[in-house]
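Okay, so here's the structure we're looking at.
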C-alpha cells in the first residue's frame, strides 16, 4: 500500500456509493475487516451498510462505562435488529473506580487530563480490541463535516495508530444525507449521547488523531 495506491483508491471510490465502498473494503480485507461503533447519532447507517455485505463482520465497541442509558438501549436495539456480531471491550478500571480515585471527568479546560482519561478509558481498550481482532481493514463512520480535524482526511487512509487501512464510506455525506439513509431503511437514531473522552464535538478523542498512539504507550 503506497501513497499512490491511496490517491488512486480515493479518486476511484469518490464516485461510488457507500455500499459500493463497503463492498470494496471487505473484498480488499480478505476476511479481516471490522467496523467500529460508539452508538452515537447516525451510527445505524454504517452498521447497516457493513452487515449487508458481511453479516458476521466483527463490530468493535469500547464501552467506557460513561454512556447514557439511552445509548445502552440504542446499542441493544441495533444489536438485535441488525444481528450484530458485537465485540465489546471495556477499560481495565471501572468508571466508578476511576471517579473515586481521580475525580470527575476532566473538562475542556484540562486538555492534558482529557488525553489521560481517553488513554485509559477509551484508547487502551480499543487498542486491545484491534490487537486481538487483528483487522487489515477498519471501517468507520467518520465524516468530513463532523469536526475541523477531519476535513483533511479522505475515504481511505493508512491508520498509523492501529496499523490498518481505514475506510470511511460515509466520509462525504452531510447530516441530511445520513438522515435520508436512515429514513429510507427505517433505521433508528438516538440523540441522547455524550462522549466523555471528547467533552466537545470539536475535539478528537485520539482514535483518529496522531497523539492517540503516544497517549496509550506513555
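Every read-out reported here was derived from the displayed coordinates using simple, explicitly stated rules and does not represent laboratory data. Every value quoted in this text rests on a predicted model; they were computed, and no experiment measured them. Quick reminder, even Gly has a Cβ in these numbers, built from the backbone with ideal geometry, and neighbours come from all protein chains shown.
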> Shape call for the chain from the C-alpha gyration tensor, a ≥ b ≥ c root eigenvalues: rounded (a/c under 1.5), prolate (a/b greater than b/c) or oblate?
Replying inline: prolate
> Using alpha carbons only, how many degrees (0 to 90, rounded to 10) separate the axis of helix 124-133 from the longest principal axis of the chain?
Replying inline: 40 degrees
> What is the distance, in nm, between label points placed 7 Å from the Cα along the Cα-to-Cβ direction at residue 107 and at residue 153?
Replying inline: 2.9 nm
> Got a sec? Which residues in region 35-67 would a label at residue 176 touch, if it sits 7 Å along Cα→Cβ and we count backbone N under 19 Å?
Replying inline: 42
> Going by the alpha-carbon gyration tensor, a ≥ b ≥ c the square roots of its eigenvalues, is region 18-121 rounded (a/c under 1.5) or, if a/c is not under 1.5, prolate (a/b greater than b/c) versus oblate?
Replying inline: prolate
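Which peptide among 60-66, 91-97 comes first, and what is the full order, when sorted by highest mean count of other Cβ atoms within 10 Å?
60-66, 91-97
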> Among bridges DSSP assigns within the chain, what percent are antiparallel (round to 5)?
Replying inline: 20 percent
>> Helix 69-82 against the longest principal axis of the chain: what's the angle in degrees, Cα atoms only, rounded to the nearest 10?
In response: 30 degrees
>> Using only the alpha-carbon atoms, how far is helix 3-13 inclined from the longest principal axis of the chain? Give it as 0 to 90 degrees, nearest 10.
In response: 70 degrees
> For the chain, modelled as a GNM with alpha-carbon contacts under 10 angstrom, which of 154, 27, 176 fluctuates the most?
Replying inline: 176
>> Starting from 0.36 nm per residue, how many nanometres of slack lie between residue 76 and residue 8 once their C-alpha separation is accounted for?
In response: 20.6 nm
> In deg cm²/dmol, rounded to 500, what helix-only [θ] at 222 nm does the chain give when every DSSP H run of at least 4 residues adds -39500 (n - 2.57) and the total is split over its residues?
Replying inline: -12500 deg cm²/dmol
